[in-house]
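Some notes on the structure that comes next.
Any read-out appearing in this document is the output of simple, stated calculations on the displayed coordinates, not a laboratory observation. What you are looking at is a predicted structure, and each value in this text was computed from that prediction instead of being measured. With ideal geometry, Cβ positions are generated from the backbone for all residues, glycine too; neighbour counts draw on all protein chains shown.
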Amino acid sequence: MLNDIKALQEEINSFSISDDEQLEAFRLEFLSRNGKVQSMFKNMGSVPKEERAEVGKAMNQVKMLAESKFEEAKAALEQKESKNLSAKDDITLTPPSYPLGSLHPLTQTLEEMKSIFFRLGFTIADGPEIEDDFHNFTALNFPPNHPARDEQDTFFIKKSDDPNIQDLVLRTHTSPVQIRLMENTEPPIRAIMPGRVYRNEAVSPKSYFLFHQVEALYIDENVSVADLKETLITFAKLMFGTDVKYRLRPGFFPFTEPSLEMDIWWGSEKDGKWLEILGSGMVDPNVFKHAGVDPEKYTGFAWGMGVERIAILRHGIDDIRTFYENDIRFLEQFN
């Protein structure tokens, strides 16, 4: 792998850029989503664990080399072009326009997801990001000794040993909004709950202590697993295209029974892999009881999916931290 990286580095250094056409050719060959640099990162999974630190460092250096060469060549061409122009050449020319800002890629992805669910008949519900223990855990059927209640998994705002005092946490999912909605709304209910959530996780290419979720809740008489499956499959096709490759498999969550997880095939047919995008299931009767809904009359389904995970799939991004670095070179690609 290191030999391949070195060869790519030499190829970047030897690439000649003398005009705009060659500059674009360089970008497409090395820096585009399907370029050689991005393709190199996709092979990281095949590198032995003991070599990943060294290989990762070398890969980042090559990426920085390509980006630096591109920006330097672009600046040089722009400077050359400006020297060749003069106001006396044509004073009727319109002045150059300044670049406009655009929505963050996570916001763009969230807006597209919301648009799809609007088409499927869902409304939007919202709730607080600081939650009490009842709405974040107890009402969702989490047992008292569940690992999610530990400080190594959850950010506690207030924690007390007194059973009469509720703990306060930064919500670990947007599921508490479902409870609050059921407490205050008579079924039928069909709504999504987008928002920020927080978990005490180590930062890595695949995890972050802050991320965004879109959860959903549908309650009515005679809602079935078939309704859940059809909704999930429809969403996947509208988001990723009708030829998307997906699978549904059994899962386990304290607040749903039965539970399903959905995976999307990420990458080429030969070198791709399954990537989980959501967990779902039929709402557990205990959750209905906590929220004041009659489980003998109503059934329903719920799910939760990560916006970052969807954006990663849509744009071929391999590191979740990229969304939070505010690197203008990254953000400009989504104008």
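Each of Lys49 and His315 was given a label point 7 Å from its Cα along the Cα-to-Cβ line. The distance between the two points is 3.1 nm. For segment 2-98, a/c is not less than 1.5, where a ≥ b ≥ c are the root eigenvalues of the C-alpha gyration tensor, and a/b tops b/c. That puts it in the prolate class. Ranked by how many other Cβ atoms sit within 10 Å of their own Cβ, fewest first, the residues Val177, Val203, Val197 fall in the order Val203, Val197, Val177. The simple spin-label model puts a point 7 Å past each Cα toward its Cβ; for Phe155 and Phe330 those points are separated by 1.8 nm.
Every helix of 4 or more DSSP H residues in the chain counts as -39500 (n - 2.57), and over all residues that averages to -11500 deg cm²/dmol at 222 nm. For Lys289, a cut-off of 24 angstrom between C-alpha atoms picks up these lysines, skipping any fewer than 8 places away in its own chain: Lys297. Taking Cα atoms only, the orientation of helix 105-119 departs from the longest principal axis of the chain by about 50 degrees.
Greater than 28 Å separation of Cα atoms is the criterion. Which listed pairs, Lys36/Lys273; Lys49/Lys273; Lys57/Lys206; Lys159/Lys229; Lys63/Lys237; Lys57/Lys273, meet it?
Working: Lys36/Lys273 20 Å; Lys49/Lys273 18 Å; Lys57/Lys206 17 Å; Lys159/Lys229 39 Å; Lys63/Lys237 33 Å; Lys57/Lys273 24 Å.
From Lys36/Lys273; Lys49/Lys273; Lys57/Lys206; Lys159/Lys229; Lys63/Lys237; Lys57/Lys273, over 28 Å: Lys159/Lys229; Lys63/Lys237.
Each residue in Thr256, Thr234 was given a count of other beta-carbon atoms within 10 angstrom of its own, and listing them fewest first yields Thr234, Thr256.
Could you grab the relative contact order for the chain? Cα pairs under 8 Å, six or more apart, rounded to a whole percent.
Values: 480 pairs, mean separation 51.8, N = 335.
15 percent.
Please label the shape of segment 105-324 as rounded, prolate or oblate, based on the square roots a ≥ b ≥ c of the eigenvalues of the alpha-carbon gyration tensor (a/c under 1.5 means rounded; beyond that, a/b larger than b/c means prolate, else oblate). Since a/c reaches 1.5 but b/c is at least a/b, the shape of segment 105-324 is classed as oblate. For a test of the definition: using alpha carbon positions, the gyration tensor, and the 1.5 limit on a/c, classify segment 219-335 as rounded, prolate or oblate. Verdict is prolate for segment 219-335.
In summary, the aspartates and glutamates within cross-link reach of Lys114, defined as a Cα separation below 12 angstrom excluding same-chain residues under 8 places away, comprise Glu215. Nearest 10 degrees, 0 to 90: what angle lies between the long axis of helix 52-83 and the longest principal axis of the chain (Cα atoms)? For helix 52-83, the angle is close to 50 degrees. Each peptide among 268-276, 323-331 gets the average number of other Cβ atoms lying within 10 Å of its residues, and from highest to lowest they stand as 323-331, 268-276. Projected label points at Glu276 and Thr92, each 7 Å from Cα along the beta carbon direction, are separated by 6.5 nanometres.
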